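Everything below concerns the one structure shown next.
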Amino acid sequence: MAVTYIIMGVSGSGKTTVGTLLAQQLSLPFYDADAFHSEANVAKMAAGIPLTDEDRLPWLQALQTAMGTWTEGAVLACSALKESYRRVLAEGHDVVWVYLKGSFKTILQRMEARNHFMKPELLQSQFDVLEPPSYGLHVEVSLPPQQLVSEIITNLGTMNTSAFGIIGMGVMGRSLAQNVVGHGFSLSVYNRWTEAEKDVIPSFLSKLNHPKLQGFTNLSAFVQSLTSPRKILLMIPAGSAVDTVLAEITPLLHPGDILMDGGNSHYKDTQRREKAMKDHGFHYMGLGISGGEQGALTGPSLMAGGASEAYQYIKAILESIAAKDIENQPCVSLLGTDGCGHYVKTLHNGIEYAEMQLLAEIYALLKPSLSYNEMAALFSEWNEGELQSFLLETTIRILRTKEHDGYVLDTILDVAQSKGTGAWSSHSALEQGIPANILMEAVMARAISSQKQQRSQLAQLLAPTPFSATIDTETLKQAYQFARILNHLQGLGLIQATAKAEGWELDIAEVVRIWSRGCILQSALLQQLYPLLQQTPNLWEEAPLVVQLSQKETAITEILLQAMEQRTPTPCLSAAYQYWLGMTKGNSAANLIQAQRDAFGAHTFKRIDDPEGESFTHQWNPHG
């Protein structure tokens, strides 16, 4: 794509002189933006009437259209004082911005020396509306024109210096940016310019003043600042926003450039986008990121999906910023093609839903008998052994956090919100026909919590039921671990089933390894499961693990009985027990269901004496 060099600044800064000289040096045509004004605009200016933004918009659009015809590139002198003007000009074009900056005093002196027509008050009005760009080349107008042009040409050779780019400076984007720069990589960051977000980039650059960091609110300038092939990470909300940004950025890219989506996108959307980007000659990768704000800053768990060719370009950066496992290996891996990384992140979140709900159920069971401090002390003991986890540590911190004379937890409404990944995990389980009732119950528990008004009304109708508040904490500990093991088995099994259906050559042990540090699911349990999965991908074949679950069965039944006595809902603990019963029952009642299906719909059935053979149907006698 041809490059247009736009020389911008207030009147009297020397745009025309500098632009003409630069065009000569670069052997490009020169254009003056004033020549593109409409007759109406020219008449207003001749009459001394200032132009409004409404007057300027058609002028800017005419310039933007003309730039598309400059197939060899060009140099354009244009005041472009506002960011909104620059956005119109740069849309769909490869633009290098050169800002001629100088103080009001310096430029006024220059104008007075040249007997310029502009009055000081008019010049001041330009400074009042000026929004200096946070990108491009900034050169001082105090230099002689020839020296100024020489400096511009020298600096043009060093503009494309950033090895990595991040779009979206939300909480996660900012943390990842600090992580990347902190590991010595040059970085360009971009955030859209709106009235609400206009201070995002200046504020971030002010906070993280680093020589290897560049900030942009102009997408074209951001893309230009990156070395080839460009490596760009999108840290924006999943959904239509991703497609919008892709539509804006693809005209600015070159074949071989690499785009990565670091949001929680649905894996099928990632597959669709990967195919579309491939048709344009670009690489597209889904990058699952776990660890929250702190993990992004100090070392997240990264789940990549995409082409191996593209991954080789970003591998060094990702391995540097990722968390390190117990063997000091980076918690990042290319897990499979197209949407694999995003799917694994989705199921990470699905397992996380259930882990959070299990802790909420333990908290609810203990609340009648233990204070928050006592509960935190108990959980701290648990956290020293096989139950250690990031989520347990987080819960301990929550239980101990006070505000004034009370606990923050007591101020929080009991309505749990959720995003798409829990529902997507549940839908995937149904789609694949893989039992994942524990995480599905966690999603439903949040849905029930949202019925706050109805719950409160129904609770008023029921008299309190007396019960024994004391719960044996060792029994509760065993029941909790029982449910956690089964939750992980379900989630990992669903990942394996989907990977097989999608044709991803996924190593489930590697998934657990990169989850072992840096992410929300990191725990001692994952450390226990990793060596087992290295031996076999089917954990049900690990006899010691099955024996461990069997030994905890008594504990889960006792806790469920006490939960019912308390009238405390325990959907995930209950689902874990029901799953265990179902998986360890050699002969189930499903033969009756299949008989019913055949009786009313002739859906056929298999016979126990030939379970892999042909299907049968029976002429069921409706009269007995």
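When ILE249, ILE236, ILE289 are checked against the criterion of being under 17 Å from ILE166 (Cα atoms), touching a Pro at 6+ places or on another chain (Cβ under 6 Å) and hydrophobic (A, V, I, L, M, F, W, C), ILE289 stands alone in meeting it. Residue count for region 434-468, restricted to those that are without any contact (Cβ under 8 Å) to a residue 40 or more places away in the chain and loosely packed, with under 12 Cβ neighbours inside 10 Å: 12. For region 227-255, a residue qualifies if it is at pLDDT below 90 and open to solvent by less than 50 Å² (accessible area, probe 1.4 Å), and the qualifying residues are THR227, PRO229. Counting only residues that are part of a loop (DSSP other than H, G, I, E, B) and either under 23 Å from ALA445 (Cα atoms) or open to solvent by 40 Å² or more (accessible area, probe 1.4 Å) (or both), region 364-383 holds 5 of them.
May I ask you to verify whether ALA307 is surrounded by 16 or more Cβ atoms within 10 Å (Cβ to Cβ), over 16 Å from the mean Cα position of the chain (by Cα), of a type in the set (A, V, I, L, M, F, W, C) and within 29 Å of LEU391 (Cβ to Cβ)? Answer is no for this residue.
Among the residues of region 417-458, those that are in a loop (DSSP other than H, G, I, E, B) and farther than 18 Å from LEU573 by Cα comprise GLN417, SER418, LYS419, GLY433, ILE434, SER450, GLN451. Residue pairs whose Cβ atoms lie under 9 Å apart, sitting 6 or more positions apart in sequence or on different chains, and linking a residue in region 597-608 that is in a helix (DSSP H, G or I) to a partner that is aromatic (Phe, Trp, Tyr) and open to solvent by less than 90 Å² (accessible area, probe 1.4 Å), are ARG597/PHE605; ASP598/PHE605; ASP598/PHE616.
Results for (1) within 20 Å of THR475 (Cβ to Cβ); (2) touching a Ser or Thr at 6+ places or on another chain (Cβ under 7 Å); (3) loosely packed, with under 14 Cβ neighbours inside 10 Å; (4) of a type in the set (D, E, K, R), shown as yes or no for each residue.
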site: GLU553; (1), (2), (3), (4): yes, no, no, yes
site: ILE556; (1), (2), (3), (4): yes, no, no, no
site: LEU561; (1), (2), (3), (4): yes, no, yes, no
site: TYR579; (1), (2), (3), (4): yes, no, no, no
site: ASN587; (1), (2), (3), (4): no, no, yes, no
site: HIS603; (1), (2), (3), (4): no, no, yes, no
site: ASP610; (1), (2), (3), (4): no, no, yes, yes
site: TRP620; (1), (2), (3), (4): no, no, yes, no
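Give me a count of the residues in region 392-416 that are of a type in the set (S, T, N, Q) and outside any helix (DSSP H, G or I). Number satisfying all stated conditions: 1. Checking VAL181, VAL200 one by one, the residue that is open to solvent by 10 Å² or more (accessible area, probe 1.4 Å), in contact (Cβ under 8 Å) with a residue 12 or more places away in the chain and either more than 17 Å from GLU131 (Cα to Cα) or under 20 Å from the mean Cα position of the chain (by Cα) (or both) is VAL200 and no other. Every listed requirement among (1) touching a Gly at 6+ places or on another chain (Cβ under 8 Å); (2) open to solvent by less than 50 Å² (accessible area, probe 1.4 Å) is met by ILE314 save one, (1).
Within region 403-421, residues that are without any contact (Cβ under 8 Å) to a residue 12 or more places away in the chain sit with their Cβ atoms under 8 Å from residues that are surrounded by 10 or more Cβ atoms within 10 Å (Cβ to Cβ), at 6+ positions apart or across chains, in these pairs: VAL408/ILE398; VAL408/THR401; VAL408/LYS402; THR411/GLU403. Would you be able to say whether some residue in region 526-542 is under 30 Å from LEU334 (Cα atoms) and touching a residue at least 60 places away in the same chain (Cβ under 8 Å)? Among the residues of region 526-542, at least one is under 30 Å from LEU334 (Cα atoms) and touching a residue at least 60 places away in the same chain (Cβ under 8 Å), which makes the answer yes.
Condition check for GLY336 on (1) under 21 Å from LEU187 (Cα atoms); (2) under 20 Å from the mean Cα position of the chain (by Cα): one failure, at (1).
Each row is one residue, and each column tells you yes or no for (1) in contact with a helix residue (DSSP H, G or I) (Cβ under 6 Å, 6 or more places away or on another chain); (2) β-branched (Val, Ile, Thr); (3) open to solvent by less than 60 Å² (accessible area, probe 1.4 Å).
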| site | (1), (2), (3) |
| --- | --- |
| VAL3 | no, yes, yes |
| THR16 | no, yes, no |
| ASP34 | no, no, no |
| ASP55 | yes, no, yes |
| GLY92 | yes, no, yes |
| THR106 | no, yes, yes |
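Of all residues in region 535-551, those that are open to solvent by 40 Å² or more (accessible area, probe 1.4 Å) and of a type in the set (Asp, Glu) total 1. Of the candidates LEU81, LEU100, the single residue that is under 35 Å from the mean Cα position of the chain (by Cα) and either open to solvent by 20 Å² or more (accessible area, probe 1.4 Å) or not charged (D, E, K, R) (or both) is LEU81.
Tally the residues that are among the aliphatic types (A, V, I, L, M) and outside any helix (DSSP H, G or I), restricting the search to region 139-178.
Summing the residues that are among the aliphatic types (A, V, I, L, M) and outside any helix (DSSP H, G or I) in region 139-178 gives 8.
The set of residues in region 345-359 that are aliphatic (A, V, I, L, M) and farther than 16 Å from GLN417 by Cβ comprises LEU347, ILE351, ALA354, LEU358, LEU359. Of all residues in region 207-222, those being within 16 Å of MET169 (Cβ to Cβ) and either open to solvent by less than 60 Å² (accessible area, probe 1.4 Å) or touching a Cys at 6+ places or on another chain (Cβ under 7 Å) (or both) number 10. The residue pairs whose first member lies in region 247-272 and is within 23 Å of GLY170 (Cβ to Cβ) and free of Cβ contacts under 8 Å to residues at least 12 places away in the same chain, whose second member is open to solvent by 10 Å² or more (accessible area, probe 1.4 Å) and hydroxyl-bearing (Ser, Thr, Tyr), and whose beta carbons are closer than 9 Å, counting only pairs six or more residues apart or on different chains, do not exist in this structure. On the basis of being of a type in the set (A, V, I, L, M) and surrounded by 12 or more Cβ atoms within 10 Å (Cβ to Cβ), does ILE593 make the cut? When the stated conditions are applied, ILE593 does not pass them. Just checking, how many residues over region 114-138 are modelled with pLDDT of 70 or more and either part of a helix (DSSP H, G or I) or more than 45 Å from the chain's Cα centre (by Cα) (or both)? Final tally of qualifying residues: 7.
The values are calculated or read from the model by the stated rules, or taken from the named source; none is laboratory data. Since we're looking at a predicted model, the values are computed, not measured. Every residue, glycine as well, gets a Cβ built from its backbone with ideal geometry; the counts of neighbours run over all protein chains shown. To get the accessible areas, we keep the full protein, side chains included, count just its heavy atoms, and leave off ligands, DNA and RNA. Shrake-Rupley method; radii C 1.70, N 1.55, O 1.52, S 1.80 Å.
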